[in-house]
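A quick write-up on the structure given underneath.
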């Protein structure tokens, strides 16, 4: 696990989004074609979608298997096209590496084990709201 953590590259994206009655970001996030695009990005392990509606701030934390996968994503048109969307403004991003030793020592026992996604998934009754 330490070796995988040392290769992990993290991308943090932030932006403002012009929400209107006819422009629901949550509905857009449930579009099947968009979900297929995001789930097929090479080297992307998980994207945590972030929302702070009170401040009109949105974004994501992307965990890539390595820096080459992160750089390939940044070279693709996906982020550029999203930043050019008429309802998106102030898009910024930062790259990070993981400190594996510190990270391993700060994990709660059994917080991440086995099936990471299953561990974090909401109860079945809550999945319809996502």
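The values are calculated or read from the model by the stated rules, or taken from the named source; none is laboratory data. Keep in mind that what you see is a predicted model, and the values were worked out from it rather than measured. Cβ: placed from backbone, ideal geometry, glycine included. Neighbour counts: every protein chain shown.
Computed quantities for the displayed model
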| quantity | calculated |
| --- | --- |
| Any strands (runs of 3 or more DSSP E) falling wholly within the stretch 1-75 and containing at least 3 residues that are at pLDDT below 90 | 44-52 |
| Positions within the stretch 77-130 being out of contact with any strand residue (DSSP E or B) (no Cβ under 8 Å at 6 or more places or on another chain), at pLDDT 85 or above, surrounded by 12 or more Cβ atoms within 10 Å (Cβ to Cβ) and not in a helix (DSSP H, G or I), in sequence order | 85, 99 |
